[in-house]
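Peer 1: One structure, as structure tokens, below. Some questions next.
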Amino acid sequence: MIKTTIYSVALSTIILSSGAIATPVTNSTFTPTSSNVSNSTVKLAASSVDTAALEEAVFKQINDYRVSQGLKKLTRNSAIDNQARIHSQDMAKGKVPFGHTGFSQRVKAVGIPYSSASENVASNYGYSDPVTTAVQGWLKSPGHLANIKGNFEKTGIGVVSNNSRGEIYFTQLFFTPVTTPVTTPVTTPVTTPVTNSTFTPTSSNVSNSTVKPAASSVDTAALEKAVFKQINDYRVSQGLKKLTRNSAIDNQARIHSQDMAKGKVPFGHTGFSQRVKAVGIPYSSAGENVAYNYGYSDPVTTAVQGWLKSPGHLANIKGNYDKTGIGVVSNSRGQIYFTQLFFR
């Protein structure tokens with residue numbers, strides 16, 4: 001029997017008054033689908049903002065940090081730059097929402113063989129030094145920092161200004177190239193954190209309807225309890241407080257696992273911000289880990305151990321949270337989908 005495990009992680013931190021949001025995503029498989037990503041070259045847009053200088057400043061600050069940590073400098077690649085600019089431009093124009101829409105397609109469109117790739121994005125406005133604002137935000141976020149300190153060699157940076165609103169969008173892609181083509185890396189996670197200075201939920205298919213554990217040959221309620229126990233056992237082993245389980249958070253976690261299992265949304269974090277809002281409880285920070293697997297005799301341990309071995313997922317598990325919700329759903333193909341939300 002083929003055994004497969006896929007993970008994804010999201011981390012969101014909302015700080016009242018400054019309102020920073022970070023949502024890292026990790027996936028161990030790369031299956032491109034159709035998208036609006038192309039290989040057309042995007043030159044730096046003419047504007048009152050010197051975006052070329054901002055890109056150089058991001059590159060310098062990131063490399064200066066890596067050197068300070070005893071890491072090798074990244075080298076900049078024009079093909080990666082181009083895909084980063086396309087994404088920043090699309091976000092600035094509102095063609096795609098802020099985040100990682102089309103990430104896998106961007107990675108493919110770069111056109112170089114790779115063993116791992118990741119992405120940090122940010123947007124801000126009204127700052128005298130927007131680059132330092134973005135980079136310092138990344139450095140203070142465990143998920144973004146894991147990318148910056150990652151075992152990457154090449155990078156590409158795209159900065160685009162939205163003149164009408166004064167917003168500046170940043171995309172930085174990180175690559176580890178390989179000498180032979182790799183079409184579907186499975187051993188090295190792809191990490192794609194997102195950071196944003198505002199939180200603006202949009203319409204989605206997230207609702208407050210209650211989803212009970214589905215009746216099936218898989219006892220999903222028992223699997224949810226097992227995830228809860230293993231995560232809390234790990235936290236206690238690290239000297240951290242146990243999380244308490246919340247039924248409203250459980251419900252949103254189940255809705256998302258159910259939607260992924262049915263193919264209504266792709267595997268990942270589609271609707272994450274809306275899920276957080278739909279829970280309906282005040283919070284200062286929230287995070288999400290997701291995974292799916294099939295063919296394992298102990299799917300819970302497989303999922304949890306995978307999360308514990310991934311810096312992004314581990315940052316959520318060890319995070320300063322006090323509430324959690326877990327949703328586990330299986331489908332007709334034998335795949336088991338896991339969503340765990342964390343709240344403070």
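Peer 1: Only one residue in Ser123, Ser118, Ser78, Ser104 is open to solvent by less than 10 Å² (accessible area, probe 1.4 Å), polar (S, T, N, Q) and in contact with a strand residue (DSSP E or B) (Cβ under 9 Å, 6 or more places away or on another chain). Which one?
Peer 2: Ser118
Peer 1: Step by step: first the residues of segment 134-154, then only those that are free of Cβ contacts under 8 Å to residues at least 40 places away in the same chain and in a helix (DSSP H, G or I), then the one that is surrounded by the most Cβ atoms within 10 Å (Cβ to Cβ). Which residue is that?
Peer 2: Leu145
Peer 1: Within the set of pairs 6 or more residues apart or between chains, which connect a residue that is under 16 Å from Ser332 (Cα atoms) and modelled with pLDDT under 90 inside segment 283-298 to a residue that is surrounded by fewer than 18 Cβ atoms within 10 Å (Cβ to Cβ) and of a type in the set (Lys, Arg) with Cβ atoms less than 8 Å apart?
Peer 2: These pairs meet every condition: Asn293/Lys3; Tyr294/Lys3; Tyr294/Arg333; Gly295/Lys3; Tyr296/Lys3.
Peer 1: So which residues in segment 291-309 are open to solvent by less than 10 Å² (accessible area, probe 1.4 Å) and either farther than 24 Å from His144 by Cβ or touching a strand residue (DSSP E or B) at 6+ places or on another chain (Cβ under 7 Å) (or both)?
Peer 2: Ala291, Asn293, Val300, Ala303, Trp307
Peer 1: Among (1) over 15 Å from Ala261 (Cβ atoms); (2) open to solvent by less than 10 Å² (accessible area, probe 1.4 Å), which single condition is Thr339 missing?
Peer 2: (1)
Peer 1: Let me ask something additional. Does Ile157 satisfy the criteria of being modelled with pLDDT of 85 or more and open to solvent by 10 Å² or more (accessible area, probe 1.4 Å)?
Peer 2: No.
Peer 1: Sort out which residues of segment 116-133 are of a type in the set (Ser, Thr, Tyr) and not in a strand (DSSP E or B), and write them in order of number.
Peer 2: Tyr125, Tyr127, Ser128, Thr132, Thr133
Peer 1: Also, I was wondering about something else. From (1) open to solvent by 30 Å² or more (accessible area, probe 1.4 Å); (2) over 19 Å from the mean Cα position of the chain (by Cα), pick out the condition that doesn't hold for Ser284.
Peer 2: (2)
Peer 1: Still on this structure: Out of curiosity, is Pro266 under 15 Å from the mean Cα position of the chain (by Cα) and surrounded by fewer than 16 Cβ atoms within 10 Å (Cβ to Cβ)?
Peer 2: In short, yes.
Peer 1: Determine which member of the set Ala84, Ala79 is more than 20 Å from the chain's Cα centre (by Cα), among the aliphatic types (A, V, I, L, M) and part of a helix (DSSP H, G or I).
Peer 2: Ala79
Peer 1: Is there a residue being in contact with a Phe, Trp or Tyr (Cβ under 7 Å, 6 or more places away or on another chain), at pLDDT 50 or above and closer than 19 Å to Gly137 by Cα anywhere in segment 99-107?
Peer 2: For segment 99-107, residues in contact with a Phe, Trp or Tyr (Cβ under 7 Å, 6 or more places away or on another chain), at pLDDT 50 or above and closer than 19 Å to Gly137 by Cα: absent.
Peer 1: Next up: Taking Gly334, is it surrounded by fewer than 19 Cβ atoms within 10 Å (Cβ to Cβ), free of Cβ contacts under 8 Å to residues at least 24 places away in the same chain and part of a loop (DSSP other than H, G, I, E, B)?
Peer 2: Spelling it out, it is not the case that Gly334 is surrounded by fewer than 19 Cβ atoms within 10 Å (Cβ to Cβ), free of Cβ contacts under 8 Å to residues at least 24 places away in the same chain and part of a loop (DSSP other than H, G, I, E, B).
The values are calculated or read from the model by the stated rules, or taken from the named source; none is laboratory data. All figures in this text were calculated on a predicted structure; none of them were measured in a lab. Because the Cβ atoms are built from the backbone with ideal geometry, glycine has one as well, and the counts that use them run over all protein chains shown. For accessibility, only protein heavy atoms count, side chains too; no ligands or nucleic acids. Shrake-Rupley method; radii C 1.70, N 1.55, O 1.52, S 1.80 Å.
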